[in-house]
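Note sheet for the following structure.
A short reminder: the numbers here are calculations on the coordinates, not readings from a lab. Not measured: the values here are computed from a predicted model. Glycine also receives a Cβ, built like all others from the backbone with ideal geometry; neighbour counts cover every protein chain displayed.
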Amino acid sequence: MLNLTDVERRILINQSRILAALYPLESTEFERTIEILSEGYHESWHEVVLKGLKEPFLKEEMNFVYQVLEMYDWLQKSYYALTLEDKLQLKEQMLVFPGFDPKTERRHLAYASFLLENLERFAFVEVSKPLNAPKPMRGTYEEMLKGLPAFGGDILAPSQLKAVMAYISALKGAPAEKRDAHPARPPAANRRSA
C-alpha cells in the first residue's frame, strides 16, 4: 500500500484540479483522482499516483548503453580521421550505430534515443534511421566492448581500424552459440577491461 501524508495528498489534489482545468477533455480522470485522494480511499492511491510510471532503469544498464555509444563515437571519430585513400578501403556503414531491438531491448533503445537526442556528447554519432536494430544487439555489443582495444582519446590507426572492423563483421555474422569461440580479436596492447 502506498502511504501519503495529508500534505502530499493536498498537493496531488491541487495538481489534479489544475490539470482538470487545463485539459477539460480529460477532466473526468482528474476528478476521479481528486475524489480518491480527498476521500482517503487509500487502497486506490497507487492507481492514481503511480499511474504511468515505469520501473527505474537499472544504473548498470544505463552505463552499458552509455559505453556502447562511447564506443561508436570513438570508432566513427577514428574513421573520420583517416585519409580518403584509407576510407575507401573500409565500409563506413559498419560503423553506424544500429540501435537496439525494439521488441526485446525497448528500454535500452529508449535510453539510447534519449542520450542521442538530448546530450551534446553524442551529437555526432551516426545512427541508423530509424534507430531500430533488426535483432537483439546486447550480446554483440557486450562482445565488442570486451574484444575491442581500450578506447579513450586515441584515434585508431588505419590498420587497427581495419582489424576492429573485421572483428565487428565476424561478431555480427556469427550466430550466438558460435560467438563463444571468439573471432580473432584486433591487435592491441590495451584491451577494454570487462
Degrees separating the helix 6-22 axis from the principal Cα axis of the chain, which is the longest one: 80 degrees
How large is log10 of I(q)/I(0) for segment 6-49 at q = 0.29, 0.30, 0.32, 0.34 Å⁻¹ when the intensity is taken from the Debye formula with one equal scatterer per alpha-carbon? -1.02, -1.06, -1.15, -1.23
What angle, in degrees between 0 and 90 and rounded to the nearest 10, separates the Cα long axis of helix 106-118 from the longest principal axis of the Cα atoms of the chain? 80 degrees
Computed over all unlike Cα pairs, the Kirkwood hydrodynamic radius of the chain in Å stands at 20.1 Å
Could you derive backbone 3J(HN,Hα) for segment 156-165 from the dihedral phi with the Karplus parameters 6.51, -1.76 and 1.60 (θ = phi - 60°), listing whole Hz in sequence and x where the residue is Gly or Pro? 6, 6, x, 5, 5, 5, 4, 5, 4, 5
To make sure I understand the rule: partners must be lysines, Cα under 24 Å from the Cα of Lys146, and not fewer than 8 residues away in the same chain. Which ones qualify? Lys59, Lys77, Lys91, Lys135, Lys162, Lys172, Lys178
Exposure proxy ranking, count of Cβ atoms within 10 Å, fewest first, for Leu2, Leu50: Leu50, Leu2
Please determine, in degrees from 0 to 90 and to the nearest 10, the orientation of helix 138-147 with respect to the longest principal axis defined by the Cα atoms of the chain, where the helix direction is its Cα long axis. 40 degrees
Extending each Cα 7 Å along its Cβ direction at Tyr41 and Arg121, get the distance between those two points in nm, one decimal. 4.5 nm
Can you give the helix-only mean residue ellipticity at 222 nm for the chain, where every DSSP H stretch with n ≥ 4 adds -39500 (n - 2.57) and the sum goes over all residues, rounded to the nearest 500 deg cm²/dmol? -16000 deg cm²/dmol
